[in-house]
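Right, one structure below, let's go through it.
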């Protein structure tokens, strides 16, 4: 499938799939997942390509690797040090991914390089988002519109099953409340009731479980959620 993504958006899709984006860049990437089907498809292709890479590796780097690198960079200005760590994390991950995945090389001509990116003025100043992730590679992106009381959620990777995904909000009291069933394919707009709207705030957890469609919305999940994510205001 031919897409019109420029090289910067393609790189952003790869970085989102790799999990190296944070802060405003991660928020922008998640907004694009919801707003741009081509970008969402690019992220999904990277995830499909990257997921098998870890299957043959039982070991992971020691947890103090990056903290040790950051300590070595203490003599540099803080901004430069963090930028250097970020650069090497991204470069190392992308190098491995590209070597494994890019059997066909993507070439960008001068027209693609000059493609205009969306104007920053068109991006909302602050938005509530959540990335719901599971240990098996399950991934969903969600955005909350507090003005309309609506959650827009897009599955990016869900397990194949005869059950259906159900969305939950888990506030500070730890009790899940159902927000209803969502589609396993495409975008679902979930309208929050007046009773549930006050629970969907920054720091609360969104979760997705797999349920039977009968009896939905259910009073509690029937099993451990396949994906969870904390709501963040960016």
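What number of residues within segment 10-22 satisfy the criterion of being closer than 20 Å to residue 234 by Cα and either modelled with pLDDT of 80 or more or crowded, with 17+ Cβ neighbours inside 10 Å (or both)?
7
Give the residues of segment 137-161 that are assigned to a loop (DSSP other than H, G, I, E, B) and in contact with a strand residue (DSSP E or B) (Cβ under 9 Å, 6 or more places away or on another chain), sorted by residue number. Give the steps one after another, and end with the answer.
Taking segment 137-161 first, the residues assigned to a loop (DSSP other than H, G, I, E, B) are 137-138, 146-149, 158-161.
Of everything in segment 137-161, those that are assigned to a loop (DSSP other than H, G, I, E, B) and in contact with a strand residue (DSSP E or B) (Cβ under 9 Å, 6 or more places away or on another chain) turn out to be 137, 138, 146, 148, 149, 158, 159, 161.
All but one of (1) at pLDDT below 90; (2) under 12 Å from residue 140 (Cβ atoms) hold for residue 233, so report the exception by its number.
Just one mismatch for residue 233, condition (2).
Hey, can you tell me all the residues within segment 198-227 that are closer than 23 Å to residue 148 by Cα, outside any loop (DSSP other than H, G, I, E, B) and under 23 Å from the mean Cα position of the chain (by Cα)?
Of everything in segment 198-227, those that are closer than 23 Å to residue 148 by Cα, outside any loop (DSSP other than H, G, I, E, B) and under 23 Å from the mean Cα position of the chain (by Cα) turn out to be 199, 205, 206, 207, 208.
Sort through 231, 182 and tell me the only one that's within 23 Å of residue 27 (Cβ to Cβ) and either surrounded by fewer than 17 Cβ atoms within 10 Å (Cβ to Cβ) or more than 16 Å from the chain's Cα centre (by Cα) (or both).
On the way: 231 fails: either surrounded by fewer than 17 Cβ atoms within 10 Å (Cβ to Cβ) or more than 16 Å from the chain's Cα centre (by Cα) (or both).
One residue alone meets the criteria, 182.
The values are calculated or read from the model by the stated rules, or taken from the named source; none is laboratory data. Predicted model, so just to flag it, every value in this text is computed and none were measured. Ideal geometry is used to build each Cβ from the backbone, glycine not excepted, and the neighbour counts take in all protein chains shown.
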